[in-house]
Amino acid sequence: MANVALLYDEVYLKHDTGAHPERSVRVKHSYDHLRARPIYGSLTDLKPRPATDDEILLVHERRYFDYLRSIPSDEAGALDPDTMFGPGSLEAAILAAGAVTTAVDNIISGACDRAFCLVRPPGHHALPDRAMGFCIFNNVAIGAAYAARSRGLKRTAIIDFDVHHGNGTQDMFYGDEDVLYCSLHKWPFYPGTGSSDETGRGKGQGKTVNVPLPSGTGQAGYLDALADIVLPAVREHRPAIIFLSAGFDAHEADPIGGMDLNEDSFDELTGAIVETAREVCDGKIVSALEGGYNIEALGASIHAHITALSK
Ligand SMILES: [Zn+2]
C-alpha cells in the first residue's frame with residue numbers, strides 16, 4: 001500500500017460563505033466521514049503550513065495579493081459575483097495553497113508517496129490578478145509552480161477532473177513547456193473556456209490538453225477520454241510529479257454538475273491515474289479538492305478517491 005497523507009485544518013472553516021454552495025460543511029463533513037472509516041487509520045495526518053508570499057507570487061500578481069491584504073479584517077463582501085470574502089477568508093486561502101506546497105515538501109522528503117489536500121476555498125478558476133468562481137488563490141497551480149521552479153522537479157503535470165474547466169490554471173501555464181495541463185470537463189459550460197483547440201502557446205504549444213465532454217457523460221466516457229487522450233499526454237510529458245485538481249461535481253447527485261459519475265467512477269478514474277503515475281513518476285501524486293456540492297456525495301467520492309490513491 002502507498003503511504004498517503006491527508007492535509008486538513010479547521011482554519012478552512014473560517015472562510016464563512018453562509019448558505020453559498022461552496023460552504024464550510026463540505027470539508028467538515030468529508031473529514032468526519034473519513035475519520036469514521038477504516039481507511040483513516042492508514043493515512044498520515046499532515047498539518048498544512050501557510051503558503052509563503054513567494055510561493056503565492058509564483059502564479060499570482062503582487063497587486064492582487066496586496067489588494068486582498070488591504071481589505072479591512074472585519075469586512076465581508078464578494079470579490080466577484082460568485083466569490084465571497086470575509087474576515088477568515090485570506091487565512092483559509094493562504095493555508096489552502098500551503099497544503100499543496102506542504103504536500104510537495106513531504107513527497108520530496110519521502111515522508112509520504114501521495115497526498116490529498118482537503119482544502120477550501122478551491123483554486124482552479126483563480127486568475128493571476130483576480131478571484132473567480134469560488135476561488136481565491138490557485139492552490140494546485142501554486143503547488144505545481146513550486147515543485148517545478150522552487151524545488152527543482154522541473155516537469156510537472158496537472159490532471160483536472162472537476163466538472164468545470166480550470167481556466168485559471170490553463171491561463172497560468174499556457175506558454176509553459178514544463179507544466180502539462182489536462183482537463184476533462186463539461187462543455188459548453190461555465191466558465192466558457194476549454195475547447196479542444198486551446199492547446200497552448202509558444203513553447204507551451206501542445207502542453208494544454210482539453211477534453212470537452214457533453215452534458216450527462218458517465219463513467220465510460222470519462223475513462224475512455226482519460227485512457228485515449230489524457231494519460232498518453234502525461235506519459236509523453238514524463239512529469240516528475242502529478243497534481244490532481246480533484247473536483248467531485250461531475251457526480252450524478254451534484255446540484256451543479258449535470259454529469260453522470262458516482263463514487264465508483266472516482267475510484268476507477270483515480271486508479272487509472274495511479275497506474276500511470278507509477279509508470280512515469282514513481283507514483284508521486286498531490287491531489288487537492290476543487291468542487292463538489294452535494295455534501296453526502298462529496299464525502300463518499302473523496303473516500304473512494306483516497307482509497308484508490310492508497311493502493
Ligand atoms: Zn467545479
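When the C-alpha to C-alpha distance is required to be over 27 Å, the pairs from Lys47/Lys203; Lys14/Lys47; Lys47/Lys284; Lys47/Lys311; Lys186/Lys207 that qualify are Lys47/Lys203. Extension gain for His20-Lys47 works out to 7.0 nm (0.36 nm per residue, less the C-alpha to C-alpha distance). Within the stretch 268-311, which residues have the backbone N less than 17 Å from the label spot 7 Å out from Ala111 along Cα→beta-carbon, could you tell me? The answer is 285-287. Put in line by how crowded their Cβ is, counting other Cβ atoms within 10 Å and starting with the fewest, Ser195, Ser310, Ser183 read Ser195, Ser310, Ser183. Taking other residues whose beta carbon is less than 11 angstrom from the beta carbon of Ala148, and scoring Lys, Arg as +1 and Asp, Glu as -1, yields +1. Looking only at the chain, where both bridge partners belong to it, what percent of the DSSP beta bridges are antiparallel (to the nearest 5)? Once the DSSP bridges in the chain are tallied, antiparallel ones form about 15 percent. Considering only Tyr67, Tyr146, Tyr222, the mean-square fluctuation computed in a Gaussian network model of the chain, springs between alpha carbons under 10 angstrom, is largest for Tyr67. With distances taken between every two different alpha-carbon atoms, the stretch 1-70 has a Kirkwood hydrodynamic radius of 14.8 Å. Computed over Cα pairs, the Kirkwood radius of the stretch 4-309 leads via Stokes-Einstein (0.692 mPa s, 37 °C) to a diffusion coefficient of 176 µm² per second.
Could you pull out the longest piece of the chain with no exposed loop GluC sites (Glu not before Pro) in it, calling a site exposed if DSSP puts it outside H, G, I, E, B and it has at most 14 other Cβ atoms within 10 Å?
On the way: sites that count: Glu61, Glu75.
My reading of the result: 76-311 is the longest stretch.
With neighbour counts taken as other beta-carbon atoms within 10 Å, the residues His124, His185 rank, fewest first, as His185, His124.
Taken together, the values in this text are just the output of simple stated rules run on the coordinates, not laboratory data. Since we're looking at a predicted model, the values are computed, not measured. Methodologically, a virtual Cβ is constructed for each residue, glycine included, from the backbone with ideal geometry; neighbour enumeration extends over all protein chains shown.
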